[in-house]
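Remarks on the structure that follows.
The values are calculated or read from the model by the stated rules, or taken from the named source; none is laboratory data. Remember, it's a predicted structure, so these values are computed and weren't measured experimentally. In this analysis, Cβ positions are derived from the backbone assuming ideal geometry, glycine residues included, and neighbour counts consider all displayed protein chains.
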Amino acid sequence: MQQLKVLYHPKYEEDYPTASVESPARVEVICKELKGGFEFVTPEAATEEDILLVHTSSLLKEVKGHPLLFEVASLAVGGAIKSAQLAWEGNPTFGLIRPPGHHASPGSHWGFCFFNNMAIAVEKLIREGKLERVLILDIDLHFGDGTHNFFQGRSDVVVANIQEEERNSFLQRVAEDLESALPYDLIALSAGFDRYCLDWGGTLEMDDYRVIGEMVAEKAVSSCQGRRFAILEGGYYLPDLGKNARSLVDGLASY
Ligand SMILES: [Zn+2]
């Protein structure tokens, strides 16, 4: 068993109302790849108070109108919060959570996202006084507008959306943002896998996810006491999604 822990809840495989492409099988295939290699930790649901750290009461009310969706989305936020807390304590973590969150802004949501898992997790640790400065790297194909909108104008959180279309410049940009955002006391990774060469983006090879995970791990160890975590965002090419996640997680677990 490696030191890295995986946050997972069986409810993430519920078929709540969403677009069919964002299917329970996404979590299932990743789960199969990671089981046995890492300790699995079961999170609790986030409280409404946690959700309201980022979202308006009207958005919360809207999601609550769909009880199953609300239950799973609250568990996803809880998984992100626990991932961040464990990372803060020095354990690298991967939040194998669903639904994704980076397209959820304070008062609106789209793109299969309902609550912004990443923004809530990071904001909670900052409000608790545990973190002063955080780097959020978003490697999903799609611009993480929700996370960007929430932290816009803040000096304590740098949100770096990597949008390079070409493979080498993408990896180069990850390295540059890890360096230019310094100093920070935690690195958080919004891990979408839809940049994969056989997925919608067509940019990255499977091994590139390991390289990205390693870059994050190496920088976290040298700059912020090893504090790093990743949570699942997009990624829709099911035949390789599990292996891509395994590749990233192996890299993130190194050092
Ligand atoms: Zn995406």
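Would it be correct to say that Ile51 is over 30 Å from Pro239 (Cα atoms) and either acidic (Asp, Glu) or in contact with a Leu (Cβ under 7 Å, 6 or more places away or on another chain) (or both)?
On the way: over 30 Å from Pro239 (Cα atoms): yes; either acidic (Asp, Glu) or in contact with a Leu (Cβ under 7 Å, 6 or more places away or on another chain) (or both): yes.
It is true that Ile51 is over 30 Å from Pro239 (Cα atoms) and either acidic (Asp, Glu) or in contact with a Leu (Cβ under 7 Å, 6 or more places away or on another chain) (or both).
Within the stretch 140-185, restricting attention to residues that are surrounded by fewer than 18 Cβ atoms within 10 Å (Cβ to Cβ) and of a type in the set (Gly, Ala, Ser), the residue that is farthest from the ligand (Cβ to nearest atom) is Ser155. Of all residues in the stretch 224-247, those being assigned to a helix (DSSP H, G or I), away from the ligand (no atom under 16 Å from the Cβ) and out of contact with any Phe, Trp or Tyr (no Cβ under 7 Å at 6 or more places or on another chain) number 4. For the stretch 40-48, the condition of being in contact with a Gly (Cβ under 8 Å, 6 or more places away or on another chain), in contact (Cβ under 8 Å) with a residue 40 or more places away in the chain and at positive phi holds for none of the residues.
Among the residues of the stretch 128-136, is any without any contact (Cβ under 8 Å) to a residue 12 or more places away in the chain, charged (D, E, K, R) and surrounded by fewer than 24 Cβ atoms within 10 Å (Cβ to Cβ)?
yes
Residues in the stretch 1-35 that are over 15 Å from Val249 (Cβ atoms), among the polar types (S, T, N, Q) and surrounded by 13 or more Cβ atoms within 10 Å (Cβ to Cβ): Thr18, Ser23.
Of all positions in the stretch 104-126, none carries a residue that is among the charged types (D, E, K, R), within 24 Å of Ala45 (Cβ to Cβ) and not in a helix (DSSP H, G or I). For Leu69, the criteria (1) out of contact with any Gly (no Cβ under 9 Å at 6 or more places or on another chain); (2) within 16 Å of the ligand (Cβ to nearest atom) hold in every case but one, which is (2).
Just one residue in the set Glu39, Glu89 is closer than 27 Å to Arg133 by Cβ, loosely packed, with under 14 Cβ neighbours inside 10 Å and at pLDDT 95 or above; that residue is Glu89.
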